[in-house]
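Presented below is the structure to which this report refers.
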Amino acid sequence: MRKQASSTTQNPTAAAPDRIDRAILKQLQRDASISNVSLAAKIKLSAPACLRRVERLKEMGWIRGVVALLDPAAAGAGMLVLIGIVLDRSTPEVFAEFEKAAQKVSGCMECHLVTGEFDYFMLVRTRDSESFNRLHAEQLLYLPGVRQIRSFMGLKQIVSTTQFPL
């Protein structure tokens, strides 16, 4: 089951991080496996104070989780496909039904409601074009409320990061 993304904009009590919090967040974006003692040393805090700040940042929603970033090719998901989707009607019910079904698409890493020519963009990872063709035939064609699907297979990754500026 996929967890809905949350942000601090949904939490009115989440205060903006101060200089020390931002330094902690920058370090954790680079390497979340760093020990608390090492993190504290880099930030120039005591280990207990550093741990309290990390825990508070989690409680405030600034840190949603800690994960290992896998190599997609090594994990058998080397092909990236961006999929533009146009729905047949613009009603809240159609959008809700599509969003519920999109969460179950195999290999779907992200799905975004967007402006412009498409209603949604999905980012999907599969092994290769043959496995994407199966996914398309077995799942994508059956998504509810879809009028049009346009797929764009990634040829070369130029930039990919999980770090954003603070």
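The values are calculated or read from the model by the stated rules, or taken from the named source; none is laboratory data. Computed from a predicted structure; not experimentally measured. As a convention, Cβ positions derive from the backbone with ideal geometry for all residues, glycine included, and neighbour counts pool all protein chains shown.
Report whether or not E97 is out of contact with any Cys (no Cβ under 9 Å at 6 or more places or on another chain), surrounded by fewer than 11 Cβ atoms within 10 Å (Cβ to Cβ) and among the charged types (D, E, K, R).
Details: out of contact with any Cys (no Cβ under 9 Å at 6 or more places or on another chain): yes; surrounded by fewer than 11 Cβ atoms within 10 Å (Cβ to Cβ): no; among the charged types (D, E, K, R): yes.
No; evaluated as a whole, the condition is false for this residue.
Residues to consider are R134, R125; find the one that is modelled with pLDDT of 95 or more and surrounded by fewer than 17 Cβ atoms within 10 Å (Cβ to Cβ). Before you say what the answer is, go through the steps one by one.
On the way: R125 fails: surrounded by fewer than 17 Cβ atoms within 10 Å (Cβ to Cβ).
After applying the criteria, what remains is R134.
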*Number of the condition not met by L25 [criteria: (1) buried (at least 18 other Cβ atoms within 10 Å of the Cβ); (2) without any contact (Cβ under 8 Å) to a residue 60 or more places away in the chain]*: (2)
*asked:* Taking the condition of being touching a helix residue (DSSP H, G or I) at 6+ places or on another chain (Cβ under 8 Å), farther than 30 Å from C108 by Cβ and either modelled with pLDDT under 95 or charged (D, E, K, R) (or both), how many residues in region 1-54 meet it?
replied: 4
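Scan region 69-77 and give yes if some residue there is under 26 Å from Q148 (Cα atoms) and either at pLDDT 95 or above or in contact with a helix residue (DSSP H, G or I) (Cβ under 9 Å, 6 or more places away or on another chain) (or both), otherwise no.
Restricting attention to region 69-77, the residues satisfying the condition of being under 26 Å from Q148 (Cα atoms) are 77.
Still in the list and also either at pLDDT 95 or above or in contact with a helix residue (DSSP H, G or I) (Cβ under 9 Å, 6 or more places away or on another chain) (or both): 77.
Checked against the condition, which is being under 26 Å from Q148 (Cα atoms) and either at pLDDT 95 or above or in contact with a helix residue (DSSP H, G or I) (Cβ under 9 Å, 6 or more places away or on another chain) (or both), region 69-77 yields at least one hit.
Taking the conditions exactly as written (of a type in the set (V, I, T), modelled with pLDDT of 95 or more and under 18 Å from the mean Cα position of the chain (by Cα)), does I149 satisfy them or not? Even if it seems obvious, please write down each step before you answer.
On the way: of a type in the set (V, I, T): yes; modelled with pLDDT of 95 or more: yes; under 18 Å from the mean Cα position of the chain (by Cα): no.
No, not satisfied.
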*Under 9 Å between Cβ atoms, at least 6 apart or on separate chains: pull out the pairs that start in region 33-47 with a residue that is closer than 12 Å to I20 by Cβ and of a type in the set (K, R) and end on any residue that is in a loop (DSSP other than H, G, I, E, B) and at pLDDT 95 or above.*
K42/I34
*Could you run through region 66-79 and say how many residues are over 15 Å from the mean Cα position of the chain (by Cα) and loosely packed, with under 10 Cβ neighbours inside 10 Å?*
2
*How many residues does region 27-49 contain that are among the charged types (D, E, K, R) and closer than 17 Å to V67 by Cβ?*
2
*Condition broken by I63, with the remaining ones in (1) within 15 Å of the chain's Cα centre (by Cα); (2) farther than 19 Å from R22 by Cα satisfied*: (2)
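Could you check region 100-122 and list, in sequence order, the residues that are of a type outside the set (A, V, I, L, M, F, W, C), under 22 Å from A73 (Cβ atoms) and surrounded by fewer than 16 Cβ atoms within 10 Å (Cβ to Cβ)?
At the first step, the residues of region 100-122 found to be of a type outside the set (A, V, I, L, M, F, W, C) are 100, 103-104, 106-107, 110, 112, 115-117, 119-120.
Subsequent filtering for residues that are under 22 Å from A73 (Cβ atoms) retains 106-107, 110.
Passing the criteria: S106, E110.
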